[in-house]
1. Return the only residue of 112, 80, 123, 139 being over 21 Å from residue 204 (Cβ atoms), touching a residue at least 24 places away in the same chain (Cβ under 8 Å), of a type outside the set (Phe, Trp, Tyr) and assigned to a loop (DSSP other than H, G, I, E, B).
2. If we scan the stretch 29-38, do we find a residue that is touching a Leu at 6+ places or on another chain (Cβ under 8 Å), assigned to a loop (DSSP other than H, G, I, E, B) and over 21 Å from residue 130 (Cβ atoms)?
3. Looking at the stretch 162-265, what helices (runs of 4 or more DSSP H) fall wholly within it and have at least 3 residues that are over 21 Å from residue 15 (Cα atoms)?
4. So is residue 41 within 17 Å of the chain's Cα centre (by Cα) and surrounded by fewer than 18 Cβ atoms within 10 Å (Cβ to Cβ) or not?
5. How many residues, within the stretch 172-205, are farther than 22 Å from residue 62 by Cα and either of a type outside the set (Phe, Trp, Tyr) or free of Cβ contacts under 8 Å to residues at least 24 places away in the same chain (or both)?
6. If the requirement is being hydrophobic (A, V, I, L, M, F, W, C), under 25 Å from residue 9 (Cβ atoms), out of contact with any helix residue (DSSP H, G or I) (no Cβ under 6 Å at 6 or more places or on another chain) and in a helix (DSSP H, G or I), which of these qualifies: 44, 69, 54?
7. If you check 102, 163, which single one turns out to be within 30 Å of residue 36 (Cβ to Cβ), surrounded by fewer than 18 Cβ atoms within 10 Å (Cβ to Cβ) and out of contact with any Ser or Thr (no Cβ under 6 Å at 6 or more places or on another chain)?
8. For the stretch 207-216, does any single residue satisfy the condition of being of a type in the set (Ser, Thr, Tyr), surrounded by fewer than 17 Cβ atoms within 10 Å (Cβ to Cβ), farther than 22 Å from residue 66 by Cβ and over 17 Å from the mean Cα position of the chain (by Cα)?
Amino acid sequence: MAGLTVLDGLLLGLVQGFLEWLPVSSSGQLVVLLMAFLRLPPELSLRLSLFLHLATALSASVYYRGRLLSATRTLLQERGLDETAKLIAYTTPASLATAAPVYLLYVHLLKGTSLDTATFFVGIALLATALILWLRPAGGEKRLKEAKTTDYILLGLVQGLAVLPGVSRSAITTALLCIRRFRPEEALTGSFLASIPVSIIAGFVEAPAVSIGTPHLAALTTAFIAGILTIRFITSLATRLNLAPFLAFWALLMVASTVPAASLL
């Protein structure tokens, strides 16, 4: 990819590695960063941001390796699916069912779109995410082992919407699980476990489009390492802080910076 240096890749990897664990839409932030500073076109910016999720999906796999290995052992020993295996088995196809059409439509709309207009739409999506964070219920006392098939399917369908830059996957999925009366910490765990397979799929799907080179490998490596080092601390921080006001302010700044472009829509 012309114009992307190894230093760019390292910085992009750090951003993805840190922001993936916060309900602020790391893809939205990356898309705006790529468009504003590297002047990449909107469609390519989106594809690269989705590609980088491959790294943090692997980070999450390392962090939740105990659950994933237990699910694998249970399956291999023909003892059926445990709660983690059920979650992945049901949420993954449900996520793809919504993500695929939404993604294809969004990419179609991005073709020929100006950087300002694309930034405007990311800002609007971030405002919606901030509203979801603000209205998110406290949750209940249910654990993931009590989840029903309906919970998994709803989780997957909602997760697929996060293919839109600016829509935070963790925000909308944890909000859904809290509405379904799950404990907040269980909702967060379920959110990240459900994200692993779809993020890996998205990363491999986008790999050919980004023309992988040394800068991209640097970005993947940095995001993977940063993700492993920060997931515990940042997720703990995110559960204690109300990020809705900050995200709303940032989104409004983003929208305001593109008002002239937005007025032409």
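The values are calculated or read from the model by the stated rules, or taken from the named source; none is laboratory data. Only a predicted model underlies this, so the values are computations on that prediction, with no experimental measurement involved. We place every Cβ from the backbone using ideal geometry, glycine too, and count neighbours over all the protein chains shown.
1. Going through 112, 80, 123, 139 in turn, the sole match is 139.
2. So the first thing to find is which residues in the stretch 29-38 are touching a Leu at 6+ places or on another chain (Cβ under 8 Å), and the list is 29-31, 33-36, 38.
Then keep just the ones that are assigned to a loop (DSSP other than H, G, I, E, B); that gives 38.
Narrowing the set further to residues that are over 21 Å from residue 130 (Cβ atoms) leaves 38.
Yes, because at least one residue in the stretch 29-38 is touching a Leu at 6+ places or on another chain (Cβ under 8 Å), assigned to a loop (DSSP other than H, G, I, E, B) and over 21 Å from residue 130 (Cβ atoms).
3. Filter on the stretch 162-265 gives 169-179, 184-210, 259-262.
4. Taking the combined requirement at face value, the residue does not satisfy it.
5. Applying the first criterion (farther than 22 Å from residue 62 by Cα) to the stretch 172-205 yields 172, 175-183.
Applying the additional criterion that residues be either of a type outside the set (Phe, Trp, Tyr) or free of Cβ contacts under 8 Å to residues at least 24 places away in the same chain (or both) yields 172, 175-181, 183.
Residues meeting the conditions: 9.
6. Just one listed residue meets the conditions, 44.
7. On the way: 163 fails: surrounded by fewer than 18 Cβ atoms within 10 Å (Cβ to Cβ).
None of the other options fit; the residue is 102.
8. Yes, the stretch 207-216 contains at least one residue that is of a type in the set (Ser, Thr, Tyr), surrounded by fewer than 17 Cβ atoms within 10 Å (Cβ to Cβ), farther than 22 Å from residue 66 by Cβ and over 17 Å from the mean Cα position of the chain (by Cα).
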